Structures are given as structure tokens and as C-alpha cells.
Amino acid sequence: MSEILRSLKQTPASSIDSSCIPIHVKGRIRGRLRPVTFDTLRSPSEITAMTEWRESHSEWFATQFPVSEASTLRWLEQVLNDDQRILFFVDDEENTPVGQIGLFGYDEEKKTCEFDNLLRGRKGKFGNIMIYALVTLGLWSIEVLDIEEGYLHVFGDNQRALRMHRDLGAEQIKRDPLIRTEEDGVIRWIPVPVGTNTPPEREMVTSRIKRETFLRLFKQEDSN
């Protein structure tokens with residue numbers, strides 16, 4: 001199955017349409033998931049957009065640093081060369097990129113993965129496209145990658161994301177207390193060291209989506 005992720009990331013720009021996953025909403029295509037590929041590294045406009053999206057949402061990342069197009073390029077190279085990971089642009093109905101969403105830590109044996117990097121960069125024609133992008137990626141991961149469980153990690157004060165996860169049928173299974181550290185301009189939110197009395201400043205919430213729950217909620221809707 002990892003070959004599928006590798007193949008998508010190697011799709012040339014000339015045939016990218018064939019590798020896109022349509023985003024269906026009540027029988028109508030409202031957008032698509034377009035794989036981020038090696039050709040993306042040679043697209044200045046897309047690198048600029050992804051840099052701006054990351055910078056505007058930096059407070060919701062566990063590691064926060066000065067974002068630049070150079071750092072975005074380095075990060076994308078890591079994503080593209082990781083066979084357990086893939087990133088998609090979320091395109092609207094006019095094929096304009098309005099955000100991104102990713103799949104991380106794909107485990108072919110355990111049939112698990114993590115959904116990450118859900119970022120809305122700009123408002124598309126359809127206001128709720130990011131929610132349906134996550135639904136689409138969830139269904140695709142089940143049907144194509146045979147995923148049994150998907151995991152989501154967000155800060156406990158990200159109420160909007162937590163509501164979205166709840167609507168997707170996710171159950172909270174862990175809350176890890178965190179403290180803030182900073183070194184050389186890089187902020188990291190790390191677990192409270194064991195054996196210390198340091199009061200936590202935030203929490204990282206881990207939620208789990210089970211295959212049967214997700215299909216019960218969304219498979220019928222997707223087929224309409």
C-alpha cells in the first residue's frame with residue numbers, strides 16, 4: 001500500500017487530474033484533493049501559499065519557528081521522501097487551492113494512520129469544504145489503504161478542531177499536559193517532565209476514529 005502513496009507523489013503535473021480525489025457533497029463535486037508532488041517543489045506560487053498558510057496557523061503547531069519559503073521547501077522534501085506520509089492540496093470547484101490536508105505515520109501492518117496538517121488557507125466557493133475534505137480523505141484511506149483506525153492530535157484549546165473531530169465520530173482517548181520551551185527562536189510544546197511539579201500550560205488531545213464508526217456516519221452520504 002505504501003507504493004500507492006509513492007506513486008501519487010510522483011505524478012507529473014501533466015496528468016495530475018487522474019490522481020485527484022473528488023470531494024462529494026450531497027451528490028455534487030465541490031472540490032478535490034490534489035496530491036502534493038515533486039513538481040510542487042518547482043511551483044513558486046504553491047510554495048508561497050503553503051508558507052503563508054503555515055505562518056498564519058503557527059499557534060496550533062507543537063513546534064513553532066520563523067516560517068520561510070526555504071523551510072517550506074525542506075519540509076516538503078521530507079514529506080515527499082517519506083513512504084508513510086502524503087499531503088494533499090484542497091482545491092475548490094474552480095481547482096484553486098484553498099488549503100491542505102495530510103496523512104502521516106501510515107502503518108500498513110497495524111492499518112493505522114494520523115490525519116494532520118488540516119489548514120484552510122483561504123475561503124473557497126463552498127464554505128465547509130475543509131470538513132468534507134477530511135471526510136473524503138477518511139473514506140479514501142479506508143477504501144484504498146484499508147485503514148482501521150485514524151488518529152488526530154490537536155491542542156485542547158483548539159475548540160473548533162475538537163468540535164469538528166467530534167462531528168466526525170472521533171473519541172478522545174488521551175490528554176497530555178504540556179509546557180512551553182523556547183530556544184534559538186524555536187518554540188516547542190513538550191510533555192511535562194515526569195517527576196516534576198511544573199504546572200501544565202496547555203494540553204495535547206489525542207482522538208481516535210474507528211473504521212466502523214466513520215463508515216456508519218459517512219459512507220451512505222458519500223454514495224448519494
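Taken together, the values in this text are just the output of simple stated rules run on the coordinates, not laboratory data. This one's a predicted model, so the numbers in the text were calculated from it and none came from an experiment. Positions of Cβ are generated from backbone atoms using ideal geometry, with glycine treated the same way; all protein chains shown enter the neighbour counts.
A few points about this structure:
- Length gained on full extension, Val79 to Leu215: 46.2 nm, using 0.36 nm per residue less the C-alpha separation.
- Here Phe38 and Ile179 are evaluated by their C-beta separation; at R0 = 41 Å the FRET efficiency comes out at 0.60.
- In the frame of its principal axes, the range 149-224 has Cα extents of 51, 27, 18 Å, reported largest first.
- From phi via Karplus (6.51, -1.76, 1.60), per-residue ³J(HN,Hα) for the range 47-61 in Hz, x at Gly/Pro: 5, 4, 4, 5, 5, 5, 5, 4, 5, 6, 10, 4, 5, 9, 9
- In the chain, helical runs assigned H by DSSP with n ≥ 4 each contribute -39500 (n - 2.57); averaged across all residues and rounded to the nearest 500, the mean residue ellipticity at 222 nm is -10000 deg cm²/dmol.
- Residues Val205, Val79, arranged from fewest to most other Cβ atoms within 10 angstrom of their Cβ, appear as Val79, Val205.
- The aspartates and glutamates within cross-link reach of Lys26, meaning a Cα-to-Cα straight distance under 16 Å and a gap of 8 or more places when in the same chain, are Asp92, Glu93, Glu221, Asp222.
- Shape parameters for the chain, alpha-carbon atoms, Rg then Dmax in Å: 17.6, 57
- Extending 7 Å from the Cα toward the beta-carbon at both Thr196 and Thr48 defines two label points whose distance is 4.2 nm.
- For Thr72, Thr63, order by how many other beta-carbon atoms lie within 10 Å, fewest first: Thr63, Thr72
- Linear extension gain, Asp146 paired with Gln159, 0.36 nm per residue minus alpha-carbon span: 1.7 nm
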